[in-house]
Amino acid sequence: MRSLIRSFAYLMVVSLVAVQGCKVGPDYVEPEVEATDEWFTAVEAEMSAQEPDIEKWWESLGDSTLTELIKGAELSNLDLRIAVSRVAETRALRGIAKGDLYPDRVLEGAYSYTKLSDNSVVGQIITGGTDGEVEPFELWEASAGSFWEIDLFGRIRRGVEAATAQFEATIEDYRDVLVSLYAEVALNYVDVRALQMRLNFARQNVTAQRESLELTRDRFEAGLTSALDVAQAEQNLAQTESSIPTLETGLNAALTRLAVLLGTQPGSLHGQLMSDGGDIPVAPDDIMVGVPADVLRRRPDVRRAERLLASQTALIGVAKADLYPTFSISGFIQSVAGSFTGMFEGDGSSIGWGVIPGFRWDLFKGGKIRNNIRVQEARTDQALLGYQQTILLAFEEVEDAIVAYDRERVRRGRLQEAADASQRAVDLVRTQYISGLTNFQNLLDTQRSLFRQQDELAESEGFVVQSLIRLNRSLGGGWSLEPEEPDKVSDTQNGAESDRASESDTQSPPQQNQELDK
């Protein structure tokens, strides 16, 4: 009994030392990044430095069909479901890392029924060297064992830090996929609407040019014009008609891509979007872009790069811990008897136990440990440079998106004026041509100009909205910026949980998708 008390006291002392033990390696400190208070871009659009409310930026476009498509993509997109699965994977890996903080516990049992050979050495011992028969015998055994590596120098805790940061990085991966998905759905939807408008303009011009062709034929038959006018009218009509198949090809590609983004078969959206005849969404007049520091808070790729840097920094500590000894405590309790009831006899004669403190210290490994530390330090330098590069690319993308949105709005305004003027010119020249006050070449030129201006206007209308979509994507819009860690499962539960599967682990990806940030 005294030895048991001494062993228990020793275990408690070592445990207290382990709790107060240091963690080797650098403690992670998030790098400071200098960010200006405003964007350098000079634009004509009204811009506000107020933090943008872009959690659901697509609602500002006022298009219910687009909102429905985005909701459908959030539930069914396969890339998003893969990202959710990766979050579940790294959550489990973090749980594995935390499991090393706790003692391993093993319960074993065995039963044997043995008949030894009469002339075997053991059989001779049992019969006392006589030629008697060795009777069969039973053997029952039950044991419980435990092993605990005491994390005196923080190797396991640094590993948990690395795994936690990796888990958080995959959450940012999920958010990055979410941001890109929303933008891709919106971009392709606007493509569909812009191509539909361009097709409408093309067909309207085909109708007008076909009427002009009939007019020139009538005038030719009446001897009022030459065959050259008829040939030029035919050429102009054929040229305009030739643009329609290209536009139809682009429209089909945009519809197909949209269906794939929603996780459905190509062609599943043709009926819905081809029949409703929707217009291009209208972009709001003013935009809120916030300040550059907002980008660092909202962009998932920047947040992911920072978490990967934190993970890699912790791995330096894991590598440095190999320079120091590891301490452990193992123990067992065992019962062996010739019958099942014998294992529980009151005198305790069948019970055995042991407590085994131990340590291991790799004194020489041919420079492997030191070189592994250098490897982790170099990788940390690379992660830091990658983080800084990600920030620069984020700022670059926002600056370019602001300019693209502003300049395209200006271009659209000029194109609208040109298209209106071209329409008036066509009406005037057609009247003059019928009255014989001008030649057919002027009518031909104005019709060509009208079609070109209308086509460019429809294309620019789409570009304006797409530029705004890209701006919202570059600002990291599309997810809720919560102050707490998205994973709400307690550390204790994750670290000490058993390896038995639960029903909650088998929920479908869409459910996980909805509950990820709860």
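The values are calculated or read from the model by the stated rules, or taken from the named source; none is laboratory data. Bear in mind that the values here come from a model prediction, so they are computed numbers and not experimental data. As a convention, Cβ positions derive from the backbone with ideal geometry for all residues, glycine included, and neighbour counts pool all protein chains shown. Heads up: the accessible areas ignore ligands, DNA and RNA and are worked out on the full protein's heavy atoms, side chains in. Shrake-Rupley method; radii C 1.70, N 1.55, O 1.52, S 1.80 Å.
Can Val179 be described as buried (at least 20 other Cβ atoms within 10 Å of the Cβ), assigned to a helix (DSSP H, G or I), at pLDDT 90 or above and within 49 Å of the chain's Cα centre (by Cα)?
Yes; evaluated as a whole, the condition is true for this residue.
Out of all the residues in the stretch 88-117, which are assigned to a helix (DSSP H, G or I) and at pLDDT below 90?
Listed by number, the list is empty, since nothing qualifies.
Determine which single condition Phe220 fails, assuming it passes every other condition in (1) within 29 Å of Glu68 (Cα to Cα); (2) hydrophobic (A, V, I, L, M, F, W, C); (3) open to solvent by 60 Å² or more (accessible area, probe 1.4 Å).
(1)
Here are the criteria: (1) over 30 Å from Ser449 (Cβ atoms); (2) touching a Leu at 6+ places or on another chain (Cβ under 6 Å). Tell me which single one Tyr433 does not satisfy.
The one condition Tyr433 does not meet is (1).
Checking the condition over 22 Å from the mean Cα position of the chain (by Cα), at pLDDT 90 or above and not charged (D, E, K, R), which residue from Ser76, Ser64, Ser85, Ser120 passes?
Testing whether each residue is over 22 Å from the mean Cα position of the chain (by Cα), at pLDDT 90 or above and not charged (D, E, K, R) leaves just Ser64.
So the check is Cβ under 6 Å with 6+ separation or different chains; which pairs have a first residue in the stretch 283-312 that's closer than 15 Å to Arg473 by Cα and open to solvent by 20 Å² or more (accessible area, probe 1.4 Å) and a second one that's hydroxyl-bearing (Ser, Thr, Tyr) and outside any loop (DSSP other than H, G, I, E, B)?
Met288/Ser48; Asp301/Thr390
Taking the stretch 334-356 only, how many residues are within 30 Å of Leu152 (Cβ to Cβ) and either at pLDDT 90 or above or open to solvent by less than 30 Å² (accessible area, probe 1.4 Å) (or both)?
Number of matching residues: 2.
Examine the stretch 457-476 for a residue that is at pLDDT 90 or above, open to solvent by 30 Å² or more (accessible area, probe 1.4 Å) and farther than 30 Å from Thr246 by Cβ, and state whether such a residue exists.
No, that holds for no residue.
Of all residues in the stretch 223-249 being among the hydroxyl-bearing types (Ser, Thr, Tyr) and open to solvent by less than 80 Å² (accessible area, probe 1.4 Å), which is modelled with the lowest pLDDT?
My answer is Thr225.
Quick check on my filter: what residues within the stretch 275-308 are part of a helix (DSSP H, G or I), at pLDDT below 85 and aliphatic (A, V, I, L, M)?
Ala293, Val295, Leu296
Based on this model, can you work out whether Ile329 counts as under 30 Å from Ala110 (Cβ atoms) and crowded, with 20+ Cβ neighbours inside 10 Å?
Considered against the rule, which asks whether it is under 30 Å from Ala110 (Cβ atoms) and crowded, with 20+ Cβ neighbours inside 10 Å, Ile329 comes out as yes.
Could you check Arg370 against (1) in a strand (DSSP E or B); (2) open to solvent by 100 Å² or more (accessible area, probe 1.4 Å) and say which number it fails?
So the condition that Arg370 fails would be (1).
Pick out the one residue from Phe147, Phe167, Phe137 that is among the aromatic types (Phe, Trp, Tyr), open to solvent by 40 Å² or more (accessible area, probe 1.4 Å) and within 39 Å of the chain's Cα centre (by Cα).
Checking each option against the conditions leaves just Phe147.
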